[in-house]
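Trainee: Let me give you the structure first, and then I'll get to my questions.
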Amino acid sequence: MSNKLVKGPTRANFVLSDDNSLLTLFGRNRAWAASKTLTDPRFFDRLVDQQRPRYFWIGCSDSRVPATEIVNLDPGEMFVHRNVANLASASDQSFSAALQFAVDVLRVQHIMVVGHYGCGGIEAAMNVDSEDAIGHWLAPVRTLYRHSCQDDSGQLSANALCEQNIFAQVEALAVNPIVRAAWSQGASLELHGWIYAIEDGLLRPLCGPVRAPGTTGSSAVPAAPL
Ligand code: CO
């Protein structure tokens, strides 16, 4: 007996949506693809062959912080992982798989944790202690907030916690087994902490570069803000 509920959509019965805005997205996509090949007819042919990004960007999912657009890079130039509040947790399998691919396969040279001021995830971690998906995800940030408040003997502002969270993620990367293994094999891999301001569209370096232990010029985390 067939079960129609589990039968997926096929090309024959697929209808995009009644929402015309989705059709607009396909139109915008065709215009974008055409613009890329206008001055560089082989642009997509080259991408099919390989990707050789030098950078691995760990950023927030916030729609106002589009990774490659902010640094004006083309497809193929930056490997990207985004989640709520730009966490680099070794216990997150999705993140770990992306990190391993970036480090072991793509052999990126720079990993940047990029947070942003006004982060809704950071603000939620300060104000909400729920048992739902967001509450579980943000538990490490909530713990960081409580510890930071104790250390500073007072309340931490949301933007200060955005910065503290970036320091914490770079610290976590510096002891991540995938990063440590790459360093022990001589990889010239650098870690960086950056923050983005939505109000002016500018990136600012916060800490780094963190290099393999014993490497000259490596910065401790957290470094003084530049
Ligand atoms: Co955010």
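The values are calculated or read from the model by the stated rules, or taken from the named source; none is laboratory data. None of the values given here were measured: they were computed from a predicted structure. Cβ atoms come from the backbone with ideal geometry, glycine included; neighbour counts cover every protein chain shown. Each accessible area value is taken on the protein alone, full model and side chains, heavy atoms only, with ligands, DNA and RNA left out. Shrake-Rupley method; radii C 1.70, N 1.55, O 1.52, S 1.80 Å.
Trainee: Given 37 °C and 0.692 mPa s, how large is the Stokes-Einstein diffusion coefficient of the chain in µm²/s, with Rh as the Kirkwood radius over Cα pairs?
Mentor: Roughly 165 µm²/s, to the nearest whole number.
Trainee: Given a 1.4 Å probe and every protein chain left where it sits, what share in percent of the accessible area of the chain is carbon and sulfur?
Mentor: Carbon with sulfur: 54 percent of the solvent-accessible area.
Trainee: Go ahead and set up a Gaussian network model of the chain, Cα springs under 10 Å, then flag whichever of Ala102, Ala187, Ala85 fluctuates most.
Mentor: Ala187
Trainee: Another question, if that's okay. In debye, nearest 20, what is the charge dipole magnitude of the chain about its Cα centre with +1 on Lys and Arg Cβ and -1 on Asp and Glu Cβ, if you could check?
Mentor: In total the dipole reaches around 840 debye.
Trainee: Can you give the calculated 222 nm mean residue ellipticity of the chain, where each DSSP H run of n ≥ 4 adds -39,500 (n - 2.57) and the sum is split over every residue, rounded to the nearest 500 deg cm²/dmol?
Mentor: Value at 222 nm, helices only, nearest 500: -12000 deg cm²/dmol.
Trainee: Another one. Most mobile of Cys60, Cys149, Cys119 per a Gaussian network model of the chain (Cα springs, under 10 Å)?
Mentor: Cys149
Trainee: Report, as a whole number in µm² per second, the diffusion coefficient that Stokes-Einstein gives for the stretch 138-206 at 10 °C and 1.306 mPa s using the Kirkwood radius over alpha carbon pairs.
Mentor: The estimated diffusion coefficient comes to 115 µm²/s.
Trainee: Moving on. Could you tell me which residue out of His81, Leu25, Val128 lies farthest along the dipole of the chain toward its positive end? Charges go on the beta carbon: Lys and Arg +1, Asp and Glu -1, centred on the Cα centre.
Mentor: Leu25
Trainee: Skip the ligands, DNA and RNA, and give the accessible area per residue of the stretch 67-176 with a 1.4 Å probe, whole Å².
Mentor: It amounts to 48 Å² per residue over the stretch 67-176.
Trainee: Okay, moving on. Would you calculate the volume per residue, in Å³, of the smallest convex hull containing every Cα atom of the stretch 103-187?
Mentor: Once divided by residue count, the hull of the stretch 103-187 is 117 Å³.
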